[in-house]
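The values are calculated or read from the model by the stated rules, or taken from the named source; none is laboratory data. Since this is a predicted model, take the numbers as computed values, not measurements. Cβ sites come from the backbone with ideal geometry, for glycine too, and all protein chains shown count toward neighbours. Quick note on the areas: whole protein, heavy atoms, side chains included, nothing else; ligands and nucleic acids left out. Shrake-Rupley method; radii C 1.70, N 1.55, O 1.52, S 1.80 Å.
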Amino acid sequence: MKTKKSIVKESIKSKIIEGIYVPNQKIHSESQLMKQFGVSRHTVRLAIGELAAEGWLYREQGSGTFCADRSANTDQSTSRLENNIAIITTYISDYIFPSIIRGAEARLSEEGYQVSIFSTNNDSNIEKTILEKILSQNFDGVIVEPTRSTFSNPNIGYYLELERLSIPYIMINAFYEELEPVSIVMDDEAGGFLQTDHLIKNGHKKILGFFKTDDIQGKRRMKGFLKAFRKNNLPIIPDCLITYSTEEKDTKPAQELERILSTQEATGIVCYNDELAMKLIQVLRQMKKRIPEDISIVGYDDSILAQVSEVKLTTISHPKSKMGEDAALKIINLINSKQKKTDPHHAHSITYNPELIIRSSTKEVSKENI
């Protein structure tokens, strides 16, 4: 349980990070803070004293307490973590994320950097807490996988504070468009097109598409799915397009697949990623559907799941370790350029072209299913 002092302290710090208090602006008086938080003057003074000692605030005798200009003394901050890079991903131990993190860690370690790894669990509130911690400790640079990148970024103030403090950051897998950061992503629209076009070229017309749409990757893969139908002059049946959120990923896709196949036929399935494909394969088995004889299925990411399962999954390649290594090289270049006060070389973004990897989960549709 948080103490009253820590609640006051964290609230003031959040206002500074979000830009509500700007450098040299006077903050609320002790009396106002006492009333706001329902605490004693002693508690308020302890919180302000600690923030002043940490470089967040400064006092002027007879005038009050003011927000410090942290950009002026970032390099001399006593709390600074030397040669430390923060990596923020939506998940750490699941799916393709360990490979991305290992790729980044290996390269950063070679260059003498320590790596601190954080996971948001695709939760914007957790992302906010992590960003507050990073800003408090003044990391040298940050590699970020955005949280719920489809939506307007609720933590934009924290990224603007990184920029104000000249702390370099780059984004991987997706990016917040309003910030226009250096990013390393896949061409997910092209990937979704390749998934779908592969099935269509093999004679499939009754194709289901499952996409997680609170991340921009899913929306772009869905766009590629729709584009493949249009390019091949096939009608798009709205009921065959299933979207879901992070909270629904363990329930809705499976329920929708079972519902649809209970009332109509389909010969192909396009999945947001390999993880989803494995879950849907379990549903198909329960429904006595053979893969690929009765129904073909395509994943995305070429994860270890695609290779080790009984059904070897046709999927879209993802660079994984290379993405991590490229992210490390980008952030190091930005840090070095900042220290030398020169324009960063190769600071442009990277977009990887997807490739289709064909395995045994897809086949040409039999004539009786057309």
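Residues that are part of a loop (DSSP other than H, G, I, E, B) and either free of Cβ contacts under 8 Å to residues at least 24 places away in the same chain or touching a Gly at 6+ places or on another chain (Cβ under 7 Å) (or both) within region 182-205 comprise just one, H204.
In the set E310, E275, only one residue is surrounded by fewer than 22 Cβ atoms within 10 Å (Cβ to Cβ), within 22 Å of I96 (Cβ to Cβ), of a type in the set (D, E) and under 27 Å from the mean Cα position of the chain (by Cα); that residue is E275. Between K340, K322, K330, the distinction of being touching a residue at least 12 places away in the same chain (Cβ under 8 Å), within 30 Å of Y169 (Cβ to Cβ) and open to solvent by 50 Å² or more (accessible area, probe 1.4 Å) belongs to K322 only. Cβ separations smaller than 9 Å between residues 6+ apart or across chains give the following pairs from region 244-256 residues that are small (G, A, S) to residues that are open to solvent by 50 Å² or more (accessible area, probe 1.4 Å) and assigned to a helix (DSSP H, G or I): S245/K252; A254/K279; A254/Q282. In this structure, does R220 turn out to be at pLDDT 95 or above, of a type in the set (K, R), assigned to a helix (DSSP H, G or I) and farther than 21 Å from P354 by Cα? No. Does R148 satisfy the criteria of being in contact (Cβ under 8 Å) with a residue 12 or more places away in the chain, basic (K, R) and open to solvent by less than 50 Å² (accessible area, probe 1.4 Å)? For R148, the condition - in contact (Cβ under 8 Å) with a residue 12 or more places away in the chain, basic (K, R) and open to solvent by less than 50 Å² (accessible area, probe 1.4 Å) - is met. Within region 38-52, if we keep just the residues that are hydrophobic (A, V, I, L, M, F, W, C) and within 34 Å of the chain's Cα centre (by Cα), the residue that is most open to solvent (accessible area, probe 1.4 Å) turns out to be A52. In region 261-270 there is at least one residue matching the filter, namely being of a type in the set (D, E) and modelled with pLDDT under 95.
When region 257-271 is examined, which residues are found to be in contact with an Asp or Glu (Cβ under 9 Å, 6 or more places away or on another chain) and in contact (Cβ under 8 Å) with a residue 60 or more places away in the chain? T267, the sole residue that qualifies.
Could you go through region 155-176 and let me know if any residue there is in contact with a Phe, Trp or Tyr (Cβ under 6 Å, 6 or more places away or on another chain), among the hydrophobic types (A, V, I, L, M, F, W, C), open to solvent by less than 20 Å² (accessible area, probe 1.4 Å) and under 24 Å from V22 (Cβ atoms). Yes. Of everything in region 228-238, what is open to solvent by less than 60 Å² (accessible area, probe 1.4 Å) and not aliphatic (A, V, I, L, M)? Give them in sequence order. Answer for region 228-238, where residues must be open to solvent by less than 60 Å² (accessible area, probe 1.4 Å) and not aliphatic (A, V, I, L, M): F229, N232. Counting only residues that are surrounded by fewer than 21 Cβ atoms within 10 Å (Cβ to Cβ) and in contact (Cβ under 8 Å) with a residue 12 or more places away in the chain, region 120-129 holds 5 of them.
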